[in-house]
Amino acid sequence: MIELSRRNVILGGAALAGVTVLMMKPGDKSGPRDAYFLDVQKALISAGIAVPTMVVDKARLNANIDTLKGFLPPGMGYRIVAKSLPSLGLIDHVRKRTGTDRLMTFNLPMLLEISQAMPEASQLLGKPLPVVAARHYFERLPLEASGAAENIQWLVDTPERLAQYASLADDMGRDMAVNVELDVGLHRGGMVAGADLKAMMEAIKANPRLSFAGFMGYDPHIASLPTAMGWRDRAIRGVRTGYAAALAQAGEVFGADALAGITRNAAGSPTYRNYQDTEIASEVSAGSCLVKPTHFDTELLEPHVPASFIATPVIKSLPVTQMPGLEFADGATRAWNPNASKTVFIYGGNWLADPVDPPGLQYNKTFGRSSNQEMLNGGPDLEISADEFVFLRPHQSEAVFLQFGDIAVYEDGAITERWPVFDYSA
């Protein structure tokens, strides 16, 4: 059994009552249903929800927000990763509770939608956009939201892309703030300190249409490195050394005083806690840790609690498991694996997610995955009826959240809000 957290979550010295997270992994022995999920099920039924739905627990979300804020050192800014919280309602809630106006956005539709809904927000691109997409942004941005364009930092990763953006700025008669992507060890592109980076910054300085907004250095690889033999610690030192070298070059080109207000963006959910001072980074980006899908069940994020679940109705609940064409082996299968004793077929399926309630549910590898009526098996003690709900934890948020329509917000035993999601992927 995986015990994610048996204790109350400590937030700035106060305990969040009721957030006790004890979950079973798929295949664990079936047992009584968790009272928490029975309460969420009751709320869903009361709200008339009868389709696969993404549920976000607002109390747990708030706990995660406060946990994140509690780990930030004095002076550290926070930037919301919009692709990981792909809903204007969800983003707006996080903005208000954190008091930040900084967002990281990742594609043209997202950029346009946020520009219209939150024109005052500072948007840093989380990946470089093709220059044609950047052109489309200026062409499609409604006049009433035109001020949003002044709050965007366009990410460039190569001298060639910088030249493209410079040409676009001239063609469109637009001033563009440019943020340079650094390779701090992930090796997914970006610049490192050296002659090419210095030439890029000199080109930015020489172009009256461009301004230097800062750097972005993403380091999720750190969380995957082993701690043995100092591998992770060396990589962390490498991130800081590489970032510092880039900042030093920027100081040579623009002057030390000019660097005081630039963006020094770093981290992501898996690594934001590594930044305990503002010597290198002036802000960290995170999003997934606030809803905590399973891919973020890591040591550094242990204080965060799962706050998002897929809830899907049971279509059929069968007292025995029978495999088509292999019925002769059903008895032996149940004897070998008691968790294959009973079967439920759920509404939909084939999501990037793991079942967590009822306890012990597992996918049937022989029957295979299904997006229509997925088969899940449980032990002889499994008790669930048609029209009740199975709950699953998503592996990630950025794509999975987009598959269920409006998010159902669970709060104080009821579904209190519905937050529409973006209608496009990152």
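Every number in this text was worked out from the coordinates using simple rules, so none of it is lab data. The shown structure was predicted, so the numbers you read here are calculated from the model rather than taken from an experiment. So basically every Cβ, Gly included, is an ideal-geometry build from the backbone, and we count neighbours across all protein chains shown.
For the listed peptides 227-235, 282-290, a ranking on the average number of other beta carbons within 10 Å per residue, highest first, reads 282-290, 227-235.
log10 I(q)/I(0), Debye, Cα-only the chain, no solvent, q = 0.09 Å⁻¹? Evaluating at q = 0.09 Å⁻¹ gives log10 I(q)/I(0) of -0.63. In this structure, Asp39 and Asp92 have a Cβ-Cβ separation that, at R0 = 25 Å, corresponds to a calculated FRET efficiency of about 0.45. Note on the chain: helix-only mean residue ellipticity at 222 nm, from DSSP H runs of 4+ residues weighted -39500 (n - 2.57) and normalised by residue number, equals -8500 deg cm²/dmol. Dipole magnitude for the stretch 58-293: about 940 debye, using +1 per Lys or Arg Cβ and -1 per Asp or Glu Cβ, origin at the Cα centre.
Computing FRET efficiency as 1/(1 + (r/R0)^6) for Asp233 and Thr278, where r is the C-beta to C-beta distance and R0 is 25 Å, gives about 0.80.
Short-range pairs are left out: with C-alpha atoms under 8 Å and at least six residues apart, the relative contact order of the stretch 58-293 is 22 percent. Working note: Karplus 6.51/-1.76/1.60 with θ = phi - 60° gives the stretch 258-274 the couplings 5, 8, 4, x, 7, 7, 10, 8, 8, 6, x, 3, x, 10, 4, 6, 6 Hz, where Gly and Pro are set to x.
With a simple spin-label model that places each label point 7 Å from the Cα along the Cα-to-Cβ direction, the separation between Lys69 and Glu202 comes to 4.6 nm. When the Cα positions of Ile65, Thr158, Val184 are compared along the charge dipole of the stretch 58-293, Ile65 comes out farthest toward the positive end, with charges on each C-beta of Lys, Arg, Asp and Glu. Please label the shape of the stretch 58-293 as rounded, prolate or oblate, based on the square roots a ≥ b ≥ c of the eigenvalues of the alpha-carbon gyration tensor (a/c under 1.5 means rounded; beyond that, a/b larger than b/c means prolate, else oblate). Note, shape of the stretch 58-293 comes out oblate. Among the DSSP helices (H) of the chain, none spans at least 18 angstrom by Cα along its long axis with an average Kyte-Doolittle hydropathy of 1.0 or more; this is a geometric and hydropathy rule only. Applying 1/(1 + (r/R0)^6) with R0 = 60 Å to the Cβ-Cβ distance of Ala244 and Ala47 gives a FRET efficiency near 0.70. Listed by chain and number, the lysines whose alpha-carbon sits under 16 Å from that of Lys316, ignoring those within fewer than 8 places in the same chain, are Lys342.
Compared with the alpha-carbon gap, the fully stretched path from Thr366 to Ala145 is longer by 74.2 nm at 0.36 nm per residue. In the chain, Cα pairs under 8 Å separated by at least six residues give a relative contact order of 24 percent.
Restricting attention to the chain, close to 50% of DSSP beta bridges with both partner residues there are antiparallel.
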